[in-house]
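Throughout, read-outs are computed from the coordinates displayed, never taken from laboratory work. What you see is a predicted model; the values in this text were computed from it and never measured. Using ideal geometry, Cβ is built from the backbone for each residue, glycine included, and neighbour counts are taken over all protein chains shown.
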Amino acid sequence: MRILVTGREGQVARALSELGAAKGHTVVTLARPILDLAGQPASIINAIQSERADVIVSAAAYTAVDRAESEPDLAFAVNERGPAAIARAARIMSAPLIHLSTDYVFDGNKEAAYVEEDVTNPKSIYGASKLAGENALLDEHHDSAILRTAWVYSPFGANFVKTMLRLAADHDQIQVVADQRGTPTSALDIADAILAVALNMLGSPEANMRGIFHMAGSGETNWAEFAQEIFASSAKMGGPSAAVRPITTAEYPTKARRPANSRLNSDRLARVHGVKLPAWRESLNPVMQRLTIAC
């Protein structure tokens, strides 16, 4: 399988490059300057078409959640108009398209985990731009699967796990928000799931394999508990550790509003594609091992 992935340095793009090669697939990554999602649609379409992929994975995005509040035009250019052009290219190529989205399309007010049928109501520019991208993409190309995920971390790029380890190297105690709940999701697991979904879409024209799916690790926690687990794991491996002081969202104000509830029910993905991501604590260990070795 020849897979074209938008983005090169992002967590999922790097995980896909690594895992895809290990499983015998050819993974081609496209990033700036060849692929600029804020550029003209024609240039995006030409860049995608030039690679003649079997499957396209739309992983690149504008992800600076707080900065998006002051850069809405750029956020929508990358997260809405970019995916629309990618979808148009995929339709021209008759190639299945897998697109990554986010829990930020919801307002976070629901008590239970979100299912795909729940009403979207983003409360940030980032979330609104990602929701607009979902809609634009599905309008362009019906042979598409949107995978919403949350709290992504990995050995690559910038993420919560790496931030906690960096802070622990210089601080004995770290304040971490405890009133936002969700499920940490390893990009390594996401990459594995994407490969499975891609093979399913290539092997079956069934409409139920397309559309919107939630894809997050199993279980739930909050940011403070997640930090405690990170430090406990790091300490066992001889890495940096710190005490965690739980705080409220109000004590840590940000430009963009974060969902209080980021929990995603991934049952549909398991039922339709046979894909279920591991428990989040289980998935944390291999990432911690790699990060500890790197330190």
Lysines within cross-link reach of Lys255: Cα-Cα under 25 Å, excluding same-chain residues under 8 positions apart? Lys110, Lys123, Lys130, Lys162
Report the calculated FRET efficiency for Thr248 and Ala112 (r = Cβ-Cβ distance, R0 = 25 Å), to the nearest 0.05. 0.70
Name the residue farthest towards the positive end of the dipole of the chain from the options Val161, Phe106, Ser50, assuming +1 on Cβ of Lys and Arg, -1 on Cβ of Asp and Glu, about the Cα centre. Ser50
For a quick check: with amide H placed at 1.01 Å from N, whose amide H comes under 5 Å from Arg181's, ignoring anything fewer than 5 positions away on the same chain? Asn261, Ser262
In Å, what is the Rg of the alpha-carbon atoms in the range 200-295, and how long is Dmax? 17.8, 51
Given the C-alpha centroids of the range 271-295 and the range 146-225, what is the distance between them in whole angstrom? 9
Using modelled amide H (1.01 Å from N, peptide plane; none on Pro or chain starts), what sits under 5 Å from the amide H of Leu100, excluding residues fewer than 5 places away? Ser58, Leu147
Please report Met215, Met93 as a ranked list, fewest other C-beta atoms within 10 angstrom at the top and most at the bottom. Met93, Met215
Identified option (computed Rg and Dmax of the Cα atoms in Å; candidates (1) 17.7, 53; (2) 18.6, 55; (3) 18.8, 60): (2)
Connecting every pair of Cα atoms under 10 Å apart in the chain and solving the GNM, the largest mean-square fluctuation among Ser50, Ser58, Ser144 falls on Ser50
Taking amide H positions as placed 1.01 Å from N in the peptide plane, with prolines and chain starts having none, which residues 5 or more places from Ile174, or on another chain, fall under 5 Å of its amide H? Ala243, Val244, Arg245
Based on DSSP, what percent of beta bridges with both residues in the chain are antiparallel, to the nearest 5? 5
Which ³J(HN,Hα) values, rounded to whole Hz and listed in residue order, are derived for the range 5-19 from phi using the Karplus coefficients 6.51, -1.76 and 1.60 in 6.51 cos²θ - 1.76 cosθ + 1.60 with θ = phi - 60°, glycine and proline given as x? 10, 7, x, 10, 9, x, 4, 6, 4, 5, 5, 5, 4, 5, 6
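Once R0 is set to 35 Å, what does the formula 1/(1 + (r/R0)^6) return for the Cβ-Cβ distance between Ala256 and Arg290, expressed as a FRET efficiency to the nearest 0.05?
On the way: r = 30 Å, r/R0 = 0.85.
Rounded to the nearest 0.05, the efficiency is 0.75.
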Label-point separation, Ala38 to Ala279 (7 Å along Cα→Cβ), nm: 4.3
Residue-wise, which Karplus ³J(HN,Hα) couplings in Hz belong to the range 117-126, taking 6.51 cos²θ - 1.76 cosθ + 1.60, θ = phi - 60°, and x for glycine or proline? 7, 5, 5, 7, 6, x, 10, 9, 4, 4
GNM on the chain, C-alpha springs below 10 Å: top fluctuator among Phe76, Phe160, Phe213? Phe160
Residue of Ser101, Ser70, Ser241 that the Gaussian network model of the chain assigns the largest fluctuation, springs spanning Cα pairs under 10 Å: Ser70
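Please compute the net charge surrounding Phe156, taking Lys and Arg as +1 and Asp and Glu as -1 over other residues with Cβ under 12 Å from its Cβ.
Values: positive: Arg8, Arg14, Lys162, Arg290; negative: Glu9, Glu18.
In short, +2.
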